[in-house]
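Throughout, read-outs are computed from the coordinates displayed, never taken from laboratory work. Because the structure is predicted, anything quoted here is derived from the model rather than measured. Neighbour counts run over all protein chains shown; Cβ positions are idealised from the backbone, glycine included.
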Amino acid sequence: MQVVVINYDKIGLKVGLEIHQQLSSEKKLFCNCKTELFKGEPETTFLRRLRPTQSELGQIDPAAFFEFQKGTQVLYEIERETSCLVEMDEEPPHNLNPEALKAALTISLMLNAEPVDEIHIMRKIVIDGSNTTGFQRTSIVSLGGVAEILGKSVSIQHVGLEEDAARKMGEDSRVLKYRIDRLCIPLVEIATSPVIKTPQQAQEVAFAVGRILRATNMVKRGLGTIRQDLNISIRDGALVEIKGVQELELISLVIENEAQRQLSLLRIRDELRRRNVKENEIGDDFVDVTSVFDNTKCKVVKAAIKDGKKVYAVRLPKFSGFLKEELTPGLRLGTEMADRARFWGHCGGIFHTDELPAYSITKEEVESLRLIMDAKEDDAVVFVAEETENAWDALKAVTLRAREALAKVPEETRTAKPDGTTRYMRPRPGAARMYPETDIPPIQISAEYLRNLRKNLPELPEKKMQRLTRDYKLNRKLAREILDSEFIKLFEEIVNQSKVSPTFAIVFLTETLKALKRDGIEVEKVSNQQLSELLRQVGAGRIAKEATSDIIVWLSKHKEADVTESIDALGLGMLSLTELQVIIDNTIRENHSLLAARGDKAFGILMGILMKQLRGRVEAKRLSEIVKKKLSKLK
Amino acid sequence: MTEKLLGYKGKALHFLKEVEAEVGDTIRVSKGKGTYEGVLIPRSEFSDGNHVVIKLKNGYNIGILVTQETKIERVGAGQKPTFSTSPLPKQQEELPEVTILSTGGTIASRVDYRTGGVRPALNANDLYSIVPELSEIATIKAEILYTVFSENITPKHWIKLAKEIAKNIKEGVAGIVVAHGTDTIGYTAAALSFALQNIPVPIVLVGSQRSADRPSSDAATNLIGAVTVASKAPFAEVVVAMHRTTSDKAIALHRGTKVRKCHTSRRDAFKSINTLPLAILEDGELRMLTQDYQRRNPKREVIVKPSFNEKVALVKFHPGLNRGVIDWYLDQGYEGIVLEGTGLGHVSSQCFATLRRAIAENCLVAMTSQCIWGRVNMNVYDTGRDLIKIGVIPLGDMLSETALVKIMWVLAQTKSVDEAKKLLAKNVTHEVSDRTVYQDYER
């Protein structure tokens, strides 16, 4: 594939962001469970089926209906601390968590969005099993809004408050596995208008919104607590929704890839048309070709036939060569067809002649396949080894995708992979997926309540940035580092209440802790209170800066221990002036001849010997001052 | 209030009327701070009259406070909020015929804007269109008998229901399914057990704990189970068909006289008390848990005794119960009182005088236990012995709700107190058993 630099302006790129951030409220959105995830084995499980329903306008989501017809079942895993009957859909939801509502409104006001007068909780039909009810409870808290980002304003469509979904733990044939600890954790959703024009800008907006969210101190941190959905389109392309980008750093790459994918699909469309491929020539004539593979060496096909499954094939007229066309790195038109087949046919994948012979499928097998299918040289043949019903569903999905390749870029929902590529997830759901959650009465937001919130809004990140650089005499890089970290609040407390140097505190709270974590130290076990105490002691001159790393290592292994205990345990107490002078005098005496012989270099040698002995018990700067004085007296 | 502006009142109603907007129309609401456009949505009648609810283009509803500065425009006529039902599946003539009688309740309900809650569906065909699988089990005859919340059901409804079932049985159907709200389904099941005896085919009452409008509803699984049982179960008894556990896996068939709703919201709220369920339906297979049941026999003639005496009360004893409560019933001419006593079947000696009065006035007084599980035994303590001496009749391991229904029925079958006592002592339809085995409590 040719890698070319894309002119995003020219291709009419439009991106809208939907940022989903978990709130750090103590309890869940509609019940009083902890907002935590459990590790280890579930306490128990239960099995459900979800049936599509009519909305108030009488329409059914086609993908949802299809899943149901397939007889898909969902196995839910539970544990008592993190879920109750509400998450199990065995008890009606309780009232909306006021702590979460306050957070969502605070965020709204910080983004200059206008809170609605009355919040209506909606049921958004989601029938993939990720919600035990078959819908996600969601609401719009405010509309409009403008985020100021690097001097540009980005308009915000709405701020929503909704429940997080259950975690998918796996899938085997017709049973999906979900864990419901995450279900019902409060999420705010911030949706920008589709006004973002470049991948870079999208990433910057996401970062800036992320900073505003964190500035509230009401949001969770860490992997999986913030997820971005991207709505991407290019001119002549299609609106594609990409779900679940977990790393902010991936956003620009995902958008670049998607723009490239749509461009590639448009190019393939034009080439197919040039080859004079006709939509009505791509038929659903599926042929049982099991006999071709009677003696196959291909393990997958062999195992399927042994299980009583059949091999079905379909001919794609004049498609030869197109299925192996790369759209973005690692993604071919054949991959797109395979993903569709997997979704609709619940099959493991497809085989196609563009990639054969391979996978132990021989040239002879391909030839007899082509013969049975009456395939000409420029035709492609696709086949699957599956139970008849699934095989047909899979091949129907393939031929539909082939016809779409001729017509347009299909509108669809895709899922983001950790490498920045995306894969087909499901068709884009229609708009009629929402109806009112009647178990929760509408919530009115009083003007009085909003006035109070407005008065006490957290400082906006840009303002805070200015204040940090000014008040603590920090450069922008250091200020940014602490601002982006989880310790900004702690930092200000410590620095305002002790004499520790702001620069040291920042380096310690960001780089030192990160480095220790990289080395396998469980720094998250050290509490904020311990961190604070440690830095205060440094400020008070009772702990040497050089000793802080060792103390963190010790604290990480001694839960709830005192910082003073660590000093004693590690023998890192600061030396008094008298103690120091005795040690220095002794050292000079012991090394007297050596020092005398080296003249001017004596200082460096002496410092080396002393630091080896005293690291962590004296500030290097202080030591050098005393040593200098002593040496000058010697002369 | 009109249908066109369902649920609106006060200021909001006034504003909407002024621009002749109707529910379903697209309207634009402008206020100082912004303009909102969307489809006008009905308002719950329990909500205030100061907000207009619209559905935005993205599907969300929001409520907008109407003030003096609010301007509402009607932008265009929209789609009205109606329910379109999918076409009924084709019926296969060779399958057994099952009658579904609908009484209302959650198994046949949809979102209702009138109350902001769920409300029964408009016709029994809804059941069928929502659950097309039924067409592969039986040919369905669906009929709405009434549409009432189950808490509004009275003995008069039982009578009408019993007669309708008898009529259908006589027409030769393979089984009857009664869709019923879960709150009082146990009472109705007990009533039908007494009113319809010697039945040739199963009578299956079914409900749901999650409304049928949601994807996770238990309504469909329960209904499919009920129709399966009605069409092919080997027994001919009145049963309640509901989830056995929280999973959509097995349906428990509880005897109509032994079943009780034991949880406010769980799918498996229904339990057989002091016995195992009659049968379990799992993966389409029906497993009988006892051999002591009445076999299906289409030739058997149903005996219909659909009458109930409503002058019967159920009184739960509690510390400090004022015996005047019981006196009031007697003053009102009540002919039967079921006491839900403590433990083995006790009430305070404070009540003795009133109970003596009741019996002297030919009121039938019987004892059940508020323990729910276990049987009463009034020979163990003095209080029990005193009550027996007074003439209170112990009812063994009968559920207090079943006892209420039974005495209502008994007192409608005979005017003679002696006859009534004889009938009360008789085990008419498995409402009482003479032994309880250990596992009956476990389950």
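3J(HN,Hα) along the stretch B:209-220: 9, 10, 4, 5, 6, 9, x, 8, 4, 8, 4, 5 Hz, from the Karplus curve 6.51 cos²θ - 1.76 cosθ + 1.60 with θ = phi - 60°, whole Hz, x for Gly and Pro. Take each residue of peptide A:34-46, count the partner chain Cβ atoms within 10 Å of its Cβ, and average: the result is 1. Peptides A:222-232, A:266-276 ranked from most to least packed give A:222-232, A:266-276, packing being the mean of other C-beta atoms within 10 angstrom over each peptide's residues. Divide the volume of the convex hull around the Cα atoms of chain B by the residue count and you get 178 Å³ per residue. Cross-link candidates for B:Lys167: which aspartates and glutamates have Cα within less than 15 Å, leaving aside residues fewer than 8 places away along the same chain? Hits, sequence-local ones excluded: B:Glu97, B:Glu143, B:Glu301. Shielding of peptide B:52-59 by partners, expressed as the average count of other chain Cβ atoms within 10 Å per residue Cβ, is 5. Using C-alpha pairs under 8 Å with a sequence gap of at least 6, the mean separation divided by the residue count of chain B gives a relative contact order of 11 percent. Estimated from the Cβ-Cβ distance and a Förster radius of 25 angstrom, the FRET efficiency linking B:Thr70 and B:Glu20 is about 0.95.
The Cβ shell under 10 Å around B:Arg260 holds other residues with a net charge of +2, Lys and Arg each +1, Asp and Glu each -1.
When the listed pairs B:Lys299/B:Lys422; A:Lys463/A:Lys499; A:Lys243/A:Lys417; B:Lys258/B:Lys406; A:Lys27/A:Lys220; A:Lys455/B:Lys71 are checked against a 18 Å cut-off, the alpha-carbon distance exceeds it for B:Lys299/B:Lys422; A:Lys463/A:Lys499; A:Lys455/B:Lys71.
With no solvent and one equal point scatterer per Cα, compute the Debye intensity ratio I(q)/I(0) for the protein assembly as shown at 0.08 Å⁻¹ and report its log10, rounded to two decimals. One equal scatterer on each Cα of the protein assembly as shown leads to -1.02.
Placing unit charges on the Cβ atoms of the charged side chains and taking the dipole of the stretch B:373-443 about its Cα centre, the candidate lying farthest along the positive direction among B:Val428, B:Ser416, B:Tyr441 is B:Ser416. Among B:Pro306, B:Pro132, B:Pro319, the residue with the largest mean-square fluctuation in a Gaussian network model of chain B, with springs joining Cα atoms closer than 10 Å, is B:Pro319.
Here's the picture: charge each Lys and Arg Cβ at +1 and each Asp and Glu Cβ at -1 in chain B, and of B:Gly186, B:Ala220, B:Val98 the one pushed furthest to the positive end of that dipole is B:Gly186. Here, chain A is characterised by an Rg to Rh ratio of 1.09, where Rg is the alpha-carbon radius of gyration and Rh the Kirkwood radius. Relative contact order of the stretch A:8-239, taken over Cα pairs closer than 8 Å and 6 or more residues apart, is 33 percent.
Across q = 0.12, 0.18, 0.25 Å⁻¹, the stretch B:3-76 modelled as identical point scatterers on its alpha-carbon atoms has Debye log10 I(q)/I(0) values of -0.25, -0.59, -1.22, in the order of the q list. Within the straight-line cut-off of under 20 Å between alpha carbons, the aspartates and glutamates reachable from B:Lys305 are B:Glu164, B:Glu171, B:Glu237, B:Glu335, B:Glu401, B:Asp418, B:Glu419, B:Glu431, sequence neighbours fewer than 8 places apart in one chain being disregarded. Legend: calculated FRET efficiency, A:Val195 to A:Asn456, from the Cβ-Cβ distance at R0 = 41 Å, rounded to 0.05, equals 0.85. For chain A, the relative contact order comes to 13 percent (Cα pairs under 8 Å, sequence separation of at least 6). In terms of its C-alpha gyration tensor, the stretch B:97-304 comes out rounded, because the ratio a/c of the largest to the smallest axis stays below 1.5. In this structure the amide hydrogen of B:Ala250, modeled in the peptide plane, comes within under 5 Å of the amide hydrogens of B:Arg244, B:Thr245, none closer than 5 places in sequence on its chain. Note on A:Gln246 and A:Lys630: the extension gain reaches 132.4 nm, defined as 0.36 nm multiplied by sequence separation minus the Cα-Cα distance.
Applied to the stretch B:27-43, the Karplus parametrisation 6.51 cos²θ - 1.76 cosθ + 1.60 on θ = phi - 60° returns per-residue 3J(HN,Hα) values of 10, 10, 10, 10, 9, x, 8, x, 10, 10, 10, x, 8, 5, 10, x, 10 Hz, with x for Gly and Pro. Taking amide H as placed 1.01 Å from N in the peptide plane, B:Leu314 has its amide H under 5 Å from the amide H of B:Val338, each at least 5 places away in sequence or on another chain.
Between the residues A:Gln203, A:Val240, A:Cys33, the greatest Cα displacement towards the positive end of the dipole of chain A, with unit charges on the Cβ of Lys, Arg, Asp and Glu, is found for A:Gln203. Cross-link reach is defined here as a Cα-Cα straight distance under 28 Å, omitting same-chain residues fewer than 8 places apart; for A:Lys363 the lysines meeting it are A:Lys297, A:Lys299, A:Lys302, A:Lys306, A:Lys309, A:Lys310, A:Lys318, A:Lys324, A:Lys376, A:Lys396. Against the empirical curve 2.2 N^0.38 Å, the C-alpha radius of gyration of the stretch A:577-634 lands at a ratio of 1.02. Going by Cα centres, the stretch A:161-197 and the stretch A:257-308 are how many Å apart? Result: 32 Å between the Cα centres. Summary of the geometry: the stretch B:331-406 and the stretch A:516-545, compared by the centres of their Cα atoms, lie 72 Å apart.
Charging the Cβ of each Asp and Glu at -1 and of each Lys and Arg at +1, and nothing else, the dipole of chain A about its Cα centre rounds to 2740 debye.
Pick out which of B:Gly225, B:Gly181, B:Gly59 has the largest mean-square fluctuation in a Gaussian network model of chain B, springs linking Cα atoms closer than 10 Å. Among B:Gly225, B:Gly181, B:Gly59, the largest mean-square fluctuation in the Gaussian network model of chain B belongs to B:Gly59.
Close amide H partners of B:Ala279, meaning residues 5 or more places away or on another chain with modelled amide H under 5 Å apart, are B:Leu253, B:Leu289.
With a 10 Å cut-off around each Cβ of A:115-126, the average count of Cβ atoms from other chains is 5.
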